[in-house]
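**Q** One structure, pasted below without further comment.
Here, each number is a calculation from the coordinates, and none is a lab measurement. Predicted model only: the values in this text are computed from it and were never measured. Please note: Cβ atoms are built from the backbone with ideal geometry, for glycine as well, and neighbour counts cover all protein chains shown.
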Amino acid sequence: MIKLVMCLCRRSDLSRAEFQDYWQNQHGPFFQRNAETMRSKKYVQSHTLDSPLNDGMRESRGMLPEYDGVAEVWFDSEEDLMEAMGSTEMQQLSAALLKDEGKFVDHSKSCAFIVREREF
């Protein structure tokens, strides 16, 4: 299996709570309703906590500010994902997903990439 990881920053006009509320209660269900078209096998949202632990880790290591959340989507293979992305249904859905993400995500400060997990 492969996984799409998206590290998300919220739009500047939204609080973290507003971002996470929309992501969980609007975008998440929208994504799940269309999971079959995308051929996704699992979808997980990790919501960043407002915690002094995050501040301490960032400051002690000289790191950039944390993302507002991380989305993970699993697929059977790169080939399966590419095949799904090439379908007419997925091309239409991609436009709708991007439009919905624009309601809460600042894409210019976010990133996405494909990974393969390695367990130890």
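**Q** Throw me the Rg/Rh for the chain, computed over C-alpha atoms with Kirkwood Rh, two decimals.
**A** 0.99
**Q** Compare the Cα positions of PHE113, SER15, GLN45 along the charge dipole of the range 2-115 (+1 at Cβ of Lys, Arg; -1 at Cβ of Asp, Glu; about the Cα centre) and return the one farthest towards the positive end.
**A** SER15
**Q** Whole Å is fine, so just give me how far the alpha carbon centre of the range 48-74 lies from that of the range 78-120.
**A** Distance between centres, Cα-based: 22 Å.
**Q** What number, in percent, do you get for the relative contact order of the chain if the mean sequence gap of Cα pairs under 8 Å and at least 6 apart is divided by its residue count?
**A** 51
**Q** Can you tell me the FRET efficiency between ASP21 and SER108 if r is taken as the Cβ-Cβ distance and R0 is 22 Å, rounded to the nearest 0.05?
**A** 0.50
**Q** I would also like to ask the following. Under a GNM of the chain (C-alpha, springs under 10 Å), which listed residue has the highest mean-square fluctuation: ARG39, ARG61, ARG16?
**A** Fluctuation is largest for ARG61.
**Q** Another question, if that's okay. What does the helix-only formula give at 222 nm for the chain: each DSSP H stretch with n ≥ 4 adding -39500 (n - 2.57), the total divided by the residues, and the result rounded to the nearest 500 deg cm²/dmol?
**A** My calculation for the chain gives -11000 deg cm²/dmol from helical runs alone.
**Q** Something else about it: Tell me which residues come under 5 Å, amide H to amide H, from ASP68 once H is placed; ignore anything under 5 positions away on its chain.
**A** Under 5 Å from the amide H of ASP68: LEU8, CYS9, ARG10.
**Q** Now for a different question. Using a Förster radius of 25 Å, what is the FRET efficiency between ASP100 and TRP74 based on their Cβ-Cβ separation? Nearest 0.05, please.
**A** According to the calculation, E is roughly 0.80.
**Q** Springs between alpha-carbon atoms under 10 Å, Gaussian network over the chain: tell me which of SER40, SER110, SER77 tops the mean-square fluctuations.
**A** It is SER77.
**Q** Also, I was wondering about something else. So if each residue of separation counts as 0.36 nm, and I subtract the Cα-Cα distance between ASP50 and THR88, what length gain in nm does that give?
**A** 9.6 nm is the gain from fully extending ASP50 to THR88.
**Q** Something else about it: Once both axes come from the Cα atoms, what is the angle between helix 52-61 and the longest principal axis of the chain, in degrees from 0 to 90, rounded to 10?
**A** The angle comes out near 90 degrees.
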